[in-house]
Each structure stands twice: as C-alpha cells, then as structure tokens.
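Below: one structure, written as structure tokens.
Derivation of every value follows stated rules applied to the coordinates shown; laboratory data play no part. Keep in mind that what you see is a predicted model, and the values were worked out from it rather than measured. Note that each Cβ is placed from the backbone with ideal geometry, even for glycine, and that neighbours are counted across all protein chains shown.
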Amino acid sequence: MEKKFVLPVAELLLVTGFLCFAVGYLFTGGARAQALQYTYGENMTVNLSIPDLGINQQVLIYKGMTPVDAILRVTGAKFQYYPGSGAMVTEIGGIENYWGYKVNGELPLGTMQEYQLQDGDNLLLFKLEW
C-alpha cells in the first residue's frame, strides 16, 4: 500500500520544485536580466573623476564593464585580495591608499570589480579614511 504513494509524492515534489524555480526566474527578470548582466560590446561613455589625481574626463567603455575597467583605461591600479571580502583597490595612479567609489553621487552595493556601469554614469573615486 505504501508504494502506491511514492510515485505521486515524487511527482508532486518535482512539479513543485520546477514551479518554484520558474516563478523565481521570472520575478528576477528572466533571460533578459541575464543577457543584460553578461552582454559585452555596446559602446558607452562614463564620466570618471579622481580629484586626488586631477583626473576628470569621459572614458569610453563597453556594456558590462566595471569601475575597475574605467580606471585602467586612464591610469594604473593595484589590488589587495582579502579572503571573505574580495579585492580592494590599494593604489591608483601611484597614490597608495584604499579607494572607494560613488556612482551618480551614491555608494553602490558591491565592489568595484562587480558593479556594472551604465552609459552616462558619473564615477567618482576617493580615498577611504579609516
């Protein structure tokens, strides 16, 4: 008698799991959101400002690029990796310090290596004070 219930319960679990995945996928934007996150190639410009280096210029980047990519198009940078929190920018243009960033006047979530810039963004880099 117990074996009769195994197949229907397994089917119910499989269908429920699929529905949970599908609803979550749709609520997060589906394939369009994934394509936007990982698409490279479209030309964009961002306004890069590093007051400590006297840099204030437009930088040509491509869709999907990060603040680190924009920095490296203008000047050099060094990084220090910290387990659990990722890489920190420790030097830009020969000035050693920990660096932070703002995009359009706000502190974004995520590191400079993760945040994807949008066309026309205003990127400001500044020394972090401890």
Original post:
If one takes the longest principal axis of the Cα atoms in the chain, at what angle in degrees, from 0 to 90 and to the nearest 10, does the Cα axis of helix 3-27 lie?
Top reply: 30
Subject >> Efficiency of FRET from Cβ geometry, Glu114 and Phe18, R₀ 22 Å, rounded to 0.05 >> reply: 0.15
Original post:
If r is the Cβ-Cβ distance from Asn56 to Phe27 and R0 is 35 Å, what FRET efficiency results, to the nearest 0.05?
Top reply: 0.30
**OP:** Among [x] 11.9; [y] 6.8; [z] 7.7, find the value of mean projected area of the Cα convex hull in nm² that was calculated from the structure presented, and write down its label.
**Re:** [x]
Subject >> For region 43-127, size of Cβ-based charge dipole, Lys and Arg +1, Asp and Glu -1, in debye >> reply: 60
Original post:
Efficiency by 1/(1 + (r/R0)^6): what FRET value for Lys127 and Val103, r their Cβ-Cβ distance, R0 = 25 Å, to the nearest 0.05?
Top reply: 0.90
Subject >> Residue among Asn43, Val6, Ile55 farthest towards the positive dipole end of the chain, charges placed on Cβ >> reply: Val6
